[in-house]
């Protein structure tokens, strides 16, 4: 544990570097609130903090910058509780009070809102479809042998899968298949979708089998949305880092695994190498679960440079995850 003086110096370095992205010198730190010692004393203490791994000295500058260990100490022991300002709070409130539409659109727009508020990349992982109840099922013809299975779910999403029939199928038989599927699947969760009883019509039964198979594939899916990736291009100095970060953000399975693993580790903040995703070693991740009726159904998070404003980002993620959970608990984003 650091003593009071070293703690004050580290706090001053972290806060200044978050603001300016420039190495911090001893003169600035000596004038910071709560330090109240000479520049010479600050230099000595900064050297000790460097030896202990809390600070680093870029080879081109006499100033210091925080290391991942320094940021971790700041987040765990020094970061003041963050609060959204009134304008941001009103913006979040208005968004969730007025946004309507399908679940996917709600999650997508929530991602954009979070990215705009934090100026970082934002990630929203939505509820798994498998636990959602089937409200209605319809098979819509796309041609003589192709059709789309459309299922409206209780979590607000509308899932559709294209199927191909082995022979021509009439609109009348598609309607019969829709009615039969709705009768036996309505009110059942996707994870419990099973083959429906025979209708006695070979063609209708074939369509029903294709439809239940398609819905079974939907059950394992989990929607993920990433927004604000362009802001990451302005956060780093080297083209190689920017390219690596943007490429990783495009890989949805990596982002789902990232936020899941951070939560499972018991953290709400993972700094640099702590999250274990090597291409994002220059980034920190802040995550909060989406809770609906006491159950963890998804995750909200932001990803930014390790010098992010942690108190503000934490407060924003917490407020957005809370409001999104309440919205999903009220019936999701669907207007169907």
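Okay, here's what the table says:
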item: Matching residues, the stretch 1-50, being touching a strand residue (DSSP E or B) at 6+ places or on another chain (Cβ under 8 Å) and either under 13 Å from residue 78 (Cβ atoms) or part of a helix (DSSP H, G or I) (or both); result: 10, 12, 13, 14, 16, 17, 46, 49, 50
item: Single unsatisfied condition, residue 163 versus (1) part of a strand (DSSP E or B); (2) over 24 Å from residue 222 (Cα atoms); result: (2)
item: Any chance residue 301 is at positive phi and either surrounded by fewer than 19 Cβ atoms within 10 Å (Cβ to Cβ) or touching a residue at least 40 places away in the same chain (Cβ under 8 Å) (or both); result: no
item: Only listed residue being surrounded by fewer than 17 Cβ atoms within 10 Å (Cβ to Cβ), in contact (Cβ under 8 Å) with a residue 12 or more places away in the chain and part of a helix (DSSP H, G or I), chosen from 104, 191; result: 191
item: Which numbered condition residue 60 misses (of (1) more than 27 Å from residue 286 (Cα to Cα); (2) modelled with pLDDT of 90 or more; (3) assigned to a loop (DSSP other than H, G, I, E, B)); result: (2)
item: Test result for residue 123, surrounded by 22 or more Cβ atoms within 10 Å (Cβ to Cβ), part of a strand (DSSP E or B), in the same structural domain as residue 91 (by TED's automatic domain parsing) and at pLDDT 85 or above; result: yes
item: Residue within the stretch 219-226 that is outside the structural domain of residue 74 (by TED's automatic domain parsing), within 18 Å of the chain's Cα centre (by Cα) and in a helix (DSSP H, G or I) present; result: no
item: Residue check for residue 154: assigned by TED's automatic domain parsing to the domain that holds residue 182 and closer than 26 Å to residue 289 by Cβ; result: yes
item: Selection within the stretch 69-79 - surrounded by fewer than 22 Cβ atoms within 10 Å (Cβ to Cβ), in a helix (DSSP H, G or I) and in contact with a helix residue (DSSP H, G or I) (Cβ under 6 Å, 6 or more places away or on another chain); result: 75, 78
item: Only one of 109, 138 that is closer than 16 Å to residue 323 by Cβ and modelled with pLDDT of 90 or more; result: 109
item: Hey, residue 326 surrounded by fewer than 21 Cβ atoms within 10 Å (Cβ to Cβ) and touching a strand residue (DSSP E or B) at 6+ places or on another chain (Cβ under 8 Å) or not; result: no
item: Tally, over the stretch 45-64, of residues that are surrounded by 22 or more Cβ atoms within 10 Å (Cβ to Cβ) and under 33 Å from the mean Cα position of the chain (by Cα); result: 3
item: Residues satisfying the stated conditions in the stretch 32-68, i.e. out of contact with any helix residue (DSSP H, G or I) (no Cβ under 9 Å at 6 or more places or on another chain) and either within 19 Å of residue 15 (Cβ to Cβ) or in contact (Cβ under 8 Å) with a residue 24 or more places away in the chain (or both); result: 50, 58, 61
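The values are calculated or read from the model by the stated rules, or taken from the named source; none is laboratory data. This is a predicted model, so every value here is computed, not measured. Please note: Cβ atoms are built from the backbone with ideal geometry, for glycine as well, and neighbour counts cover all protein chains shown.
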